[in-house]
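**Student:** Below is a structure I'd like to ask you about.
Rule-based calculations on the coordinates, nothing more; no lab input. Every value quoted in this text rests on a predicted model; they were computed, and no experiment measured them. Cβ sites come from the backbone with ideal geometry, for glycine too, and all protein chains shown count toward neighbours.
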């Protein structure tokens, strides 16, 4: 199913569900990030390797993008950011669009080139507690700095449906308060079991978070090899039974209708 501007409205598209280097760079799953549309405004979040191609194949033209958001500078989250910024401005012919990213994505050893940043309208540096107003009906909020080796932030879209993306992080209690009230909660659950040496959420972490926040819908993504071997859809069913909260395991190119929190059947 290829999307159009009309069918993309109020949808979330998973352009990739790969987590960690082996799955992302071993091509075991796509790593194109998340694509949100809220009332016709388009956001590409974490455009990792292949984002440019995966979005185009799905019918999403990169020049439709209004905002690019990087949760952090790791390449599985930002490898295609320059392609997307270049495409959304038609190579600089149309100076438009906004990039929101942590400071270390553009300083010292930048992952976003100065060349592509000159072509966009605005660059906003993310900090803990930053709230960016898009319009009267939509704001982007960065509630908490995560624990992940580099400067990393999750994202909450404050809209008629409070939608949160809990990006890469180790578990810490501050996550529960930071994302309280989320109605759609997307979690990067890379590990089947906790590993103190790896700054990623595990399934037991996800159970704790989902049980506390109680969203209308929880969606796991960003899977590492242990999750893939465990069959994420079966893990999601077990979490649903354990928490009483509907939990899904995302798959590549899955589309969620944000108006009714249903998965769009694709033809």
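**Student:** Could I have the simple spin-label model distance between residue 264 and residue 139, label points 7 Å from Cα toward Cβ, reported in nm to one decimal?
**Tutor:** The answer from the label model is 2.8 nm.
**Student:** Over the stretch 83-151, what is the mean sequence separation of C-alpha contacts under 8 Å (at least six apart), divided by residue count, expressed as relative contact order in percent?
**Tutor:** 28
**Student:** Quick one: length gained pulling residue 95 to residue 132 fully straight, 0.36 nm per residue minus the C-alpha distance?
**Tutor:** Gain on extension, residue 95 to residue 132, equals 11.3 nm.
**Student:** Still on this model: What nm distance separates the two modelled labels at residue 113 and residue 233, each placed 7 Å from Cα along Cα→Cβ?
**Tutor:** Computed distance between label sites residue 113 and residue 233 equals 4.0 nm.
**Student:** While we're looking at this one, here's another question. Given a cut-off of under 8 Å on Cα pairs at least six residues apart, what relative contact order in percent is computed for the chain?
**Tutor:** It rounds to 16 percent for the chain.
**Student:** Which of rounded, prolate, oblate describes the stretch 110-196, given a ≥ b ≥ c as roots of the alpha-carbon gyration tensor eigenvalues and a/c under 1.5 marking rounded, otherwise prolate only if a/b is larger than b/c?
**Tutor:** Oblate, because a/c is 1.5 or more while a/b does not exceed b/c.
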